[in-house]
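Reading through the structure tokens given below for one structure.
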Amino acid sequence: MYNWLSNDLANNTKQWTIVFFHIPPYSKGSHDSDTEIEMINMRNNILPLLESYGVDLVMSGHSHVYERSSLIKNHTGLENTFNASIYPAGNVVHSGGGPYTKSTRTGNGTVYVVCGLGSMPTGSTQSGFPHNAMYKSNATDNGSLILDVDGSNLSCKFLTSTGIIDDQFTIQKPALASAQNLRRSRDSDINQNTVSVFPNPTAGDINISLNNNKTGLISVSIYSMAGNVQYKRSFSGTDNQNILIEKFESDLSPGIYILNVMGENLNISNKLIVY
């Protein structure tokens, strides 16, 4: 099964990759992912493969609760080893936060959802509920998960049996995300290249989508309004490249910055707002 899954993911060219299997890798509902060997095996053996291929969403059942994580990457340990501070919190549409954002393929993690209370009795939980990896949990309401994909926007809603939307979230990718086109040079050769950055304003993670007609090194720099370099890194240049700068890499304080992307026949800058 692992070999089949690996080959399937390697040959996948779709914009969105959604995986579902019965036994969740993270749960403190009616089943405990810290103690049940099947759940531990999925977390240790399958999750690294899924995340290496940029799987966007993993859906499971088995545990008779609703649980939804933030974007997670590279966590295979027990609940008490999960450090929530390194993962983006919020990102819940109905509470005023913005969507999760990802580069086109691998990106910055996977969202894990457990929805095992469609018809089974609820209320059975394990010690430690809710699981530290879960941004939202519900062990009292029966309900269903509604999944919609519209181009480069994926949205999920947990709809309870009483008709209340108890949780919802959105994942966005470059093409239809709220991208802001960066200012282009007047040079006609440079104008053949395009760069977009999103989200802008951002809470920390920065996605840069580059359509560059030249290959070679790409330099990304972020300057304070006083002209001081806050972040600088070079990337190998390829056509239609997607660059992810995670929050912990840039470590930008809230404020206004200038983001510059430079390469062969490419020199584009614009304002970047961090909140």
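The values are calculated or read from the model by the stated rules, or taken from the named source; none is laboratory data. Predicted model, so just to flag it, every value in this text is computed and none were measured. Cβ sites come from the backbone with ideal geometry, for glycine too, and all protein chains shown count toward neighbours. When the accessible area is computed, the model is the full protein with side chains, heavy atoms only, and any ligands, DNA or RNA have been set aside. Shrake-Rupley method; radii C 1.70, N 1.55, O 1.52, S 1.80 Å.
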Next item on the list: Sort out which residues of the stretch 229-261 are modelled with pLDDT of 85 or more, open to solvent by 50 Å² or more (accessible area, probe 1.4 Å) and part of a strand (DSSP E or B), and write them in order of number.
Entry: 229, 230, 232, 233, 234, 256, 258
Checklist line | the stretch 101-112: number of residues that are open to solvent by 40 Å² or more (accessible area, probe 1.4 Å) and at pLDDT 65 or above | finding: 1
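Being modelled with pLDDT of 90 or more, assigned to a strand (DSSP E or B) and in contact with a Ser or Thr (Cβ under 7 Å, 6 or more places away or on another chain): is that true of residue 135 here?
no
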Note to self: Take the residues in the stretch 113-124 that are surrounded by fewer than 22 Cβ atoms within 10 Å (Cβ to Cβ) and at pLDDT below 90; name whichever of them is nearest to the chain's Cα centre (by Cα).
What the structure shows: 118
Next item on the list: Output the residues belonging to the stretch 50-77 that are out of contact with any helix residue (DSSP H, G or I) (no Cβ under 9 Å at 6 or more places or on another chain) and over 24 Å from residue 204 (Cα atoms).
Entry: 59, 61, 64, 65, 66, 67
Margin query: Taking the conditions exactly as written (among the basic types (Lys, Arg), in contact (Cβ under 8 Å) with a residue 12 or more places away in the chain and either open to solvent by 20 Å² or more (accessible area, probe 1.4 Å) or farther than 25 Å from residue 205 by Cα (or both)), does residue 14 satisfy them or not?
Written below: no
Check: Pairs under 7 Å by beta carbon, first residue free of Cβ contacts under 8 Å to residues at least 60 places away in the same chain and open to solvent by less than 70 Å² (accessible area, probe 1.4 Å) in the stretch 141-166, partner part of a strand (DSSP E or B) and small (Gly, Ala, Ser), six or more apart or different chains?
Finding: 159/143; 159/144; 160/143
